[in-house]
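Scroll down for the structure; my scribbles are underneath it.
The values are calculated or read from the model by the stated rules, or taken from the named source; none is laboratory data. Treat the numbers as computed from the prediction; the structure is a model and nothing was measured. Neighbour counts run over all protein chains shown; Cβ positions are idealised from the backbone, glycine included.
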């Protein structure tokens, strides 16, 4: 009877996450993951054909387990992303601060489809307008997250909330072509459930 399998795919991915969290992105190797699991490299290569395959699946694992946000609030999704950058600096750097292959997706946003739909419905925007508005908000959040993950700047909870709200007002005014404070207040009221 063949020996029973004792190291599973999920174990390997969890060990890889722990390794990056503790030692940074440069520590990510099959040998180091094996060390974390107290095994040879053989069980890892049995599950993943190469380090590249493991890395690709690790990105998916991190997105699904650390970045997927089922919050109803647009602001909550942004806060979750920024908190990830603040708390999980090494994981953030692995996922977002890496060289991209030509044609590779620039943003890994597991919440994008739901988020764009919420903007469409609440703000009476076309799908294209909602996608553009969301993309601009992503750019802003991404820049804040990079500053936080690299230690360039640290934001308090209050500062993060204020920055997100102020920038949302700016892009909302642009996409709804707001001409008065009264009109802006109308659209802020329409999107209040997105901002809690």
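Could we say that residue 138 is assigned to a helix (DSSP H, G or I), at pLDDT 95 or above and surrounded by 14 or more Cβ atoms within 10 Å (Cβ to Cβ) here?
Criteria not met by residue 138.
Could you run through the stretch 156-196 and say how many residues are closer than 26 Å to residue 87 by Cβ, part of a loop (DSSP other than H, G, I, E, B) and without any contact (Cβ under 8 Å) to a residue 40 or more places away in the chain?
Number satisfying all stated conditions: 1.
Which residues, taken from the stretch 144-153, are more than 14 Å from residue 90 (Cβ to Cβ) and either surrounded by 10 or more Cβ atoms within 10 Å (Cβ to Cβ) or outside the structural domain of residue 97 (by TED's automatic domain parsing) (or both)?
144, 147, 153
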